[in-house]
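**Student:** Below is one structure. I have some questions about it.
The values are calculated or read from the model by the stated rules, or taken from the named source; none is laboratory data. Predicted, not measured: the structure shown is a model, and the values here were computed from it. When we count neighbours, we look across all protein chains shown, and the Cβ atoms used for this are built from the backbone with ideal geometry, even at glycine.
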Amino acid sequence: MRIDKYGNCALCRKYKRITFEYIPPHGAFNNRKAKIISGDAYVKGVSNNYFEELSCLPYKEQQKGKGLYSLCAECNNLTGSYYGQAYIDFAQNIAYVMEKCNVVSGMNILVR
């Protein structure tokens with residue numbers, strides 16, 4: 001069951017149905033569960049020296065990847081056409097280099 005969300009689009013500022021914007025784009029390895037940590041919890045954790053242990057901070061799990069409801073469909077499609085594929089190519093190139101250099105990637109976390 002889909003629940004529509006309405007609000008002012010963060011880009012055009014018009015009151016419309018708001019869509020989910022993947023940040024980074026879905027095709028840039030943003031297709032797994034993500035832990036969403038509030039900015040306040042992150043700052044509090046850093047001030048308490050939990051920077052290396054982000055997993056102990058309170059979070060909400062987001063099933064579809066990192067992002068938020070912020071843009072109307074028109075603006076979401078427009079921004080994706082501007083930078084989406086370039087960002088995906090960049091992320092895939094970085095992943096290739098990391099794999100070749102045996103670098104381990106970190107947790108899938110977004111601080112909001």
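**Student:** Where residues in the stretch 11-38 are of a type in the set (A, V, I, L, M, F, W, C) and outside any strand (DSSP E or B), which of them is farthest from residue 65 (Cα to Cα)? Before the answer, list the steps.
**Tutor:** Applying the first criterion (of a type in the set (A, V, I, L, M, F, W, C)) to the stretch 11-38 yields 11-12, 18, 20, 23, 28-29, 34, 36-37.
Of the ones still in play, those that are also outside any strand (DSSP E or B) are 11-12, 23, 28-29.
Numbers: 11: 21, 12: 24, 23: 8, 28: 10, 29: 9 Å.
Ranking the qualifying residues of the stretch 11-38, first place goes to 12.
**Student:** Determine whether residue 54 is under 17 Å from residue 27 (Cβ atoms) and at pLDDT below 85. Before you say what the answer is, go through the steps one by one.
**Tutor:** Working: under 17 Å from residue 27 (Cβ atoms): no; at pLDDT below 85: yes.
So residue 54 does not fit the description; no.
Conditions tested, residue by residue: (1) basic (Lys, Arg); (2) surrounded by 15 or more Cβ atoms within 10 Å (Cβ to Cβ); (3) under 17 Å from the mean Cα position of the chain (by Cα); (4) modelled with pLDDT of 80 or more.
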site	(1), (2), (3), (4)
67	no, yes, yes, yes
93	no, no, no, yes
97	no, no, no, yes
107	no, no, yes, no
